[in-house]
Amino acid sequence: MDTLTMDVAVIGSGTAGLNARREVERRGGRPVMIESGPYGTTCARVGCMPSKLLVAAGTAAHDLEHARHFGVHPGTTRIDGRAILRRVQRERDRFVSAVVEETERIPEQQRIRGHARFTGPTTLVVDERVRVQANAIVVATGSQPLVPAPFDRIREHVLTSDDIFDLSDLPESLAVIGTGIIALELGQAMRRLGVRVAFFNPFDEVGPFSDPDVSHVACRELASELDLNVGIKMLTARVEKGGIELTWEDPNGVPHQESFAKVLVAAGRRPNVADLDLEKTGLLLDKAGVPAVDPQTVQCADLPIFFAGDVNSHLPLLHEAADEGRIAAANAMAWPNVERHDRRVPLTIAFTDPQMAIVGSRFADLPQGRYAVGAVSYENQGRARVAARNRGLVRLYGELDTCRLLGAEMFGPGMEHMGHLLAWAVQQRMTAQGALSMPFYHPVLEEGLRTALRHLASELGALGNCRPEDLAEAPGV
Ligand SMILES: Cc1cc2nc3c(=O)[nH]c(=O)nc-3n(C[C@H](O)[C@H](O)[C@H](O)COP(=O)(O)OP(=O)(O)OC[C@H]3O[C@@H](n4cnc5c(N)ncnc54)[C@H](O)[C@@H]3O)c2cc1C
């Protein structure tokens, strides 16, 4: 078996792995990156990009329908499922090939194709072919869809986000298992493209919210468009000619049965650790076989092992994977002098309609008794009404002692943009009154945010610290 001695070995060539490898090189180290699957990253191949392509198609179809609110009546809409999926695949392949080209430009001696597993804390074996000895190891192996019972028994007959984008046509009907972000984005898009869609979840949550008020409005609004079956007990999933028959009990114990052409299981993801032989590292592993990871160092215990990206389950998002890849590499190079890195303010967005965003501290994580809440409903917000997109609720959180913005849970139109605005304000440690002194154009969705900030300033007892012009309501707003 060949033996390779490098400064840092990176397992995985996804977003975290690519960033880790580049950072090691930038710091003058010798990296090697090991990949067992195809190049191209989860984001480009089966994640962020193809999902947003499908959402864009659903939005295009919905906009035609929505035009009726304005007295605009387009002709009969024809949805060409094959053309929709061809575009999703064509554009996805463009994104993937850009990443593959970038990955293949990495010098060959820094790349190994094959499955890596630990043989000790700083040694790996790749496909029983190459032994890798490194000063430190970055684990950036990502995650994969979780397929719970009873769907695990018919795994090859159900779809996950790994294969739904490869369909050649839209199914006539789709059962979506899960009501989290991925389930809602894909299921709502399918519904808007004319597919009969039903969602199923044994739990009551819809979306990522922890704030019960925002969650309530999101459930109510989404239920007005989508067939949401929450709190159910899935009993059986039986493969039949032309689809899958599901039987379940509703929350009242009443049995139901329905057949669907396809089933999409979007019930969460689990870290890719099963075949890493992590027990050979001496790390303490939890029930799922995952070690504890410090989010500021991404280090595991005091070993030269760093977990970056989805595999550490900290915040399984693209920009976090990129950051964690860089942090892992910096600390792998510096080991044993590992440094704590400041993390960006958390920001999560769901590309549903209305959109969802969570910024900074979630409601569930607010410091007990030391916060106040400012809220705005988008039902009567001026610009939202103009566009007939007047649905949603935003709740902002501020710290009582300092009046600093802590975070927000947001459901409404344009939240991908307002989520950014607020995340920047939270990271800049702005106060409610400081944010109110910023310019607000008219008429824009951001004026809703200003209403919530004024409410928050009042709840924080900070109105006296606000300039009068920031509290004045302009006529007509
Ligand atoms: C449908 C969907 C939609 C999403 N939408 C968004 C979004 O809108 N915005 C957002 O921020 N995030 C989104 N995400 C999440 C985002 O895609 C991930 O957070 C990100 O891609 C994770 O990158 P990673 O580097 O951790 O893992 P990956 O890109 O999955 O890379 C891990 C790599 O490790 C390899 N590997 C695994 N085990 C081994 C081994 N033992 N040896 C060698 N190689 C191995 C794998 O083959 C893989 O190539 C979405 C995800 C999905 C599934």
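The values are calculated or read from the model by the stated rules, or taken from the named source; none is laboratory data. Given the structure is predicted, the values throughout are model-derived calculations rather than measurements. Ideal geometry is used to build each Cβ from the backbone, glycine not excepted, and the neighbour counts take in all protein chains shown. Just so you know, the surface numbers come from the protein's heavy atoms only, side chains and all, with ligands and any DNA or RNA stripped out. Shrake-Rupley method; radii C 1.70, N 1.55, O 1.52, S 1.80 Å.
Measuring from a point 7 Å past the Cα of residue 59 along Cα-to-C-beta, which residues in region 406-435 have an amide N at less than 18 Å?
410-421
Treating only the Cβ atoms of Lys and Arg (+1) and Asp and Glu (-1) as charged, compute the dipole magnitude of region 302-459 about its Cα centre; round to the nearest 20 debye. It would help to have the intermediate numbers written out before the result.
Numbers: 15 positive and 17 negative charges, 105 e Å.
Dipole size: approximately 500 debye.
For every other residue with a beta carbon closer than 10 angstrom to the beta carbon of residue 312, add +1 if it is Lys or Arg and -1 if Asp or Glu, then tell me the sum. Kindly include the intermediate steps, with their values, before the conclusion.
Details: positive: none; negative: 294, 310, 320, 324.
Once all neighbours under 10 Å are counted, the net charge is -4.
Mind ordering 32-42, 98-108, 329-339 by average Cβ neighbours within 10 Å, highest first? If you can, show how the numbers build up before the last one.
Details: 32-42: 21.7, 98-108: 13.0, 329-339: 18.7.
Most protected by this proxy first, the peptides run 32-42, 329-339, 98-108.
How big is region 321-364 by Rg and Dmax over its Cα atoms, in Å?
Cα only, region 321-364: 15.2, 47 Å (Rg, Dmax).
If I take every Cα pair under 8 Å that is 6 or more residues apart in region 200-262, average their sequence separation and divide by the length, what percent do I get for the relative contact order?
Values: 87 pairs, mean separation 16.5, N = 63.
RCO, region 200-262: 26 percent.
Out of 74, 308, 42, whose Cα points farthest toward the positive end of the dipole of the chain (charges: +1 Lys, Arg; -1 Asp, Glu; placed on Cβ)?
Going by the charge dipole, the pick is 74.
For region 246-274 and region 339-416, write down the distance between their C-alpha centroids in whole Å.
One Cα centre to the other: 30 Å.
In Å², and per residue, what accessible area does the chain have when probed at 1.4 Å with the other protein chains present?
That works out to 46 Å² for each residue.
Where does the chain land at 222 nm, in deg cm²/dmol rounded to the nearest 500, when only DSSP H runs of n ≥ 4 count, each adding -39500 (n - 2.57), divided by all residues?
-9000 deg cm²/dmol
With the dipole of the chain worked out from charges on the C-beta (+1 for Lys and Arg, -1 for Asp and Glu) around the Cα centre, which of 157, 224, 1 lies farthest toward the positive end?
So the residue furthest toward the plus end is 1.
Identify, among 19, 89, 61, the residue whose Cα sits farthest towards the positive end of the charge dipole of region 1-92, taking +1 on the Cβ of Lys and Arg and -1 on the Cβ of Asp and Glu, with the dipole about the Cα centre.
Of the options given, the answer is 61.
Taking the Cα centre of region 425-477 as origin, work out the dipole magnitude from +1 charges on Lys and Arg Cβ and -1 charges on Asp and Glu Cβ, in debye rounded to 20.
Numbers: 4 positive and 6 negative charges, 33 e Å.
Charge dipole, region 425-477, about its Cα centre: 160 debye, nearest 20.
Sorted from largest to smallest, which semi-axis lengths in Å does the alpha carbon gyration tensor of the chain give for its equivalent ellipsoid, taking the root of 5 times each eigenvalue?
Three semi-axes, in Å: 39, 32, 21.
Compare the peptides 391-399, 350-358 by average per-residue count of other Cβ atoms within 10 angstrom and give them in order, highest first. Show your work: numbers first, answer last.
Numbers: 391-399: 25.2, 350-358: 23.3.
Ranking, from highest mean packing down: 391-399, 350-358.
Determine the dipole magnitude for the chain: charges of +1 sit on the beta-carbon of Lys and Arg, -1 on that of Asp and Glu, nothing else is charged, the reference point is the Cα centre, and the result goes in debye to the nearest 20.
In debye, rounded to 20, the chain gives about 660.
Extending each Cα 7 Å along its Cβ direction at residue 458 and residue 154, get the distance between those two points in nm, one decimal.
In this crude label model, residue 458 to residue 154 measures out at 5.4 nm.
Of all DSSP beta bridges in region 1-139, what percent run antiparallel (nearest 5)?
Roughly 35 percent of the DSSP beta bridges within region 1-139 come out antiparallel.
Using alpha carbons only, how many angstrom separate the centre of region 73-133 from the centre of region 21-56?
7
If you scale each eigenvalue of the Cα gyration tensor by 5 and take the root, what three semi-axes come out for region 195-251, rounded to whole angstrom and sorted largest first?
26, 13, 8
State the percentage of accessible surface on region 353-417 attributable to carbon and sulfur atoms; use a 1.4 Å probe and exclude ligands, DNA and RNA.
Heavy-atom surface of region 353-417 belonging to carbon and sulfur, 1.4 Å probe: 44 percent.
Output wanted: per-residue J couplings in Hz (rounded whole) for region 200-206, from phi through Karplus 6.51 cos²θ - 1.76 cosθ + 1.60, θ = phi - 60°, x for Gly and Pro.
9, 8, x, 9, 9, 6, 10
Normalized C-alpha radius of gyration of region 401-477, against 2.2 N^0.38 Å?
Output field value: 1.04.
Quick one: which residues, 5+ away or cross-chain, put their amide H under 5 Å from the amide H of residue 406? H built at 1.01 Å from N.
397, 398, 399
Rounded to two decimals, what is the ratio between the C-alpha radius of gyration of region 268-353 and 2.2 N^0.38 Å?
Values: Rg = 13.6 Å, N = 86, 2.2 N^0.38 = 12.0 Å.
In units of the 2.2 N^0.38 Å rule of thumb, it is 1.14.
Below 8 Å, C-alpha to C-alpha, sequence gap of six or more: please give me the relative contact order for region 107-180 in percent. Don't jump to the answer; show the numbers that get you there.
On the way: 34 pairs, mean separation 9.9, N = 74.
It comes to 13 percent, rounded to a whole number.
Would you mind counting up the charge near residue 395? Only other residues with Cβ under 9 Å from its Cβ, with Lys and Arg at +1 and Asp and Glu at -1. Intermediate results must be reported in sequence, preceding the final value.
Numbers: positive: none; negative: 211, 213, 409.
Every neighbour counted, the sum reads -3.
Taking Rh as the Kirkwood radius computed over C-alpha pairs, what is the Stokes-Einstein D of region 321-477 at 10 °C in a medium of viscosity 1.306 mPa s, expressed in µm² per second?
Taking Rh from Cα pairs, D becomes 96 µm²/s.
What per residue convex hull volume, in Å³, comes out for region 125-237 when only alpha-carbon positions are used?
Once divided by residue count, the hull of region 125-237 is 165 Å³.
How much of the accessible area of region 98-197, probe 1.4 Å, is carbon plus sulfur, in whole percent?
C and S fraction of accessible area: 47 percent.
Sorting check: for 149-156, 435-442, which peptide has the highest mean count of neighbouring beta carbons within 10 Å, and how do the rest follow? Walk me through the numbers on the way to the answer.
Details: 149-156: 12.2, 435-442: 14.5.
Descending mean neighbour count gives 435-442, 149-156.
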